[in-house]
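The values are calculated or read from the model by the stated rules, or taken from the named source; none is laboratory data. All figures in this text were calculated on a predicted structure; none of them were measured in a lab. Cβ placement follows ideal geometry from the backbone for every residue including glycine, while neighbour counts extend to all protein chains displayed.
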Amino acid sequence: MESANRARKIIHIDMDAFYASVEQRDHPEYRGRPIVVGGSPEGRGGVVATASYEARKFGIRSAMASKRAQQLCPEVLFVRPRFDVYKDVSQKIRSIFRRYTDLIEPLSLDEAFLDVSEDKLGIGSAIEIAKQIKQAIRDELQLTASAGVSINKFVAKIASDMNKPDGLTFIGPSGIEDFMEKLPVDKFFGVGRVTAAKMNGMGLHTGADLKKLSESEMTQRFGKVGRFYYNIVRGIDNRSVQPHRETKSLGAEDTFQVDLTDIDSMFTELSKIAETVEERLRRHGLKGRTITLKVKYHDFRIINRSHSFTEPVDDYETIITTVQQLLLGTAPEDHKIRLLGISLSNFGESRPGRKINPEQLSLF
């Protein structure tokens, strides 16, 4: 397995501030100015989908509340997303990828893994292919991309984020373990904010700290994913690039510092999560027929409630109305809630039949 792994040539391409860059490309008046693509800060307030690099200098980042972004930079411009345009540009980017390989695993509209171990043009060098792809994106689409090149997906993914924007980072076999040992745990792809805080609380701050734990210790502390951490900190990731990878579900959740006890607070948090889910669905070009609400109580008991539609949905109003009614069906005022989550699944095309109005949902 190890020799096969070392023979692979994996590229991770990540577009730079994709939505914002497309808007700045198409609207000269936006160039050089801090812009946010996402919901307006007015009314119930939206969420930042993407911020231009000019806006990021003020601390604005994806998934931040638009109201907070406006506080950080009062002169920031808010632009409504044009997902049809982004999807069209994404298809053109993938057509550039296909010049070199058919082994392409899209993660979203603006990033993908490529396996160029045997490229179509016989170039042989993954670094050279990454350079050519970046140049083609610049010449043909007037956009920039960052690339990470390595022998596996995990390291290539991290490498692509190291020298943004317009970066190209190669991490070869001999440098992987040293690189992983120095990497902070919150930079590990797949380690979220909550897990990173848990690791820090255990005195685990870098890959070198994780490497001190045996495989059994890792699984005892982190469950099944502990085995994955055990391997990747040693530079071992045998996952293949999957050109036909099917997304089963997509969502978001949040753990609260203080347990929620009133319905208004619960609805406010659900609203924020629903905004994030809507943005992610649009970003991936997905619609789902089944909406699921996840609730974790103060005693760590978890329940899930779902509702399915005859036609797939992706809009905020349907999502938030559905999860609000699902939550009301759990008698939330009788509990202390530490986590709420929303996910959509059962993706696909419309089926014959009428879309069910969320107002017609029965309560549990």
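Worth a mention:
- Condition broken by Gln257, with the remaining ones in (1) polar (S, T, N, Q); (2) touching a residue at least 24 places away in the same chain (Cβ under 8 Å); (3) surrounded by fewer than 19 Cβ atoms within 10 Å (Cβ to Cβ) satisfied: (2)
- Criterion: touching a residue at least 12 places away in the same chain (Cβ under 8 Å), small (Gly, Ala, Ser) and touching a helix residue (DSSP H, G or I) at 6+ places or on another chain (Cβ under 7 Å) - qualifying residue of Ala136, Ala126, Ala130: Ala136
- The one condition in (1) over 18 Å from Lys153 (Cα atoms); (2) in the same structural domain as Ala156 (by TED's automatic domain parsing); (3) touching a residue at least 60 places away in the same chain (Cβ under 8 Å) that Ala63 fails to fulfil: (2)
- Of all residues in region 231-277, those satisfying the criterion of being assigned to a helix (DSSP H, G or I), over 19 Å from the mean Cα position of the chain (by Cα) and charged (D, E, K, R) are Asp264, Glu269.
- Filtering region 92-121 to residues that are of a type in the set (Lys, Arg) and in contact with a strand residue (DSSP E or B) (Cβ under 9 Å, 6 or more places away or on another chain) leaves Arg94, Arg98.
- Residue-level check: of (1) closer than 19 Å to Thr255 by Cα; (2) part of a helix (DSSP H, G or I); (3) among the hydroxyl-bearing types (Ser, Thr, Tyr), Thr322 misses just (1).
- Hits in region 128-163 (condition: assigned to a helix (DSSP H, G or I), within 17 Å of the chain's Cα centre (by Cα) and among the polar types (S, T, N, Q)): Ser160
- Top-ranked residue of region 138-183 - restricted to ones that are of a type in the set (A, V, I, L, M, F, W, C) and within 22 Å of Lys87 (Cβ to Cβ), ranked as surrounded by the fewest Cβ atoms within 10 Å (Cβ to Cβ): Leu141
- Unmet requirement for Tyr100, which otherwise passes all of (1) in contact (Cβ under 8 Å) with a residue 12 or more places away in the chain; (2) under 22 Å from the mean Cα position of the chain (by Cα); (3) not assigned by TED's automatic domain parsing to the domain that holds Glu29: (2)
- The residues of region 26-43 that are surrounded by 15 or more Cβ atoms within 10 Å (Cβ to Cβ) and either without any contact (Cβ under 8 Å) to a residue 60 or more places away in the chain or among the charged types (D, E, K, R) (or both), listed by number, are Tyr30, Pro34, Ile35, Val36, Val37, Ser40, Pro41.
- Residue in region 129-137 that is exposed (fewer than 15 other Cβ atoms within 10 Å of the Cβ), out of contact with any Leu (no Cβ under 7 Å at 6 or more places or on another chain) and modelled with pLDDT of 95 or more present: yes
Rundown of residues vs (1) more than 23 Å from Phe83 (Cα to Cα); (2) out of contact with any Pro (no Cβ under 7 Å at 6 or more places or on another chain), yes/no style:
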{"site": "Asp259", "(1), (2)": "yes, yes"}
{"site": "Asp262", "(1), (2)": "yes, yes"}
{"site": "Met266", "(1), (2)": "yes, no"}
{"site": "Glu275", "(1), (2)": "no, yes"}
{"site": "Leu286", "(1), (2)": "no, yes"}
{"site": "Thr292", "(1), (2)": "yes, yes"}
{"site": "Val295", "(1), (2)": "yes, yes"}
{"site": "His298", "(1), (2)": "yes, yes"}
{"site": "Ile303", "(1), (2)": "yes, yes"}
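- Of residues in region 203-254 being touching a residue at least 40 places away in the same chain (Cβ under 8 Å) and basic (Lys, Arg), the one surrounded by the fewest Cβ atoms within 10 Å (Cβ to Cβ): Lys248
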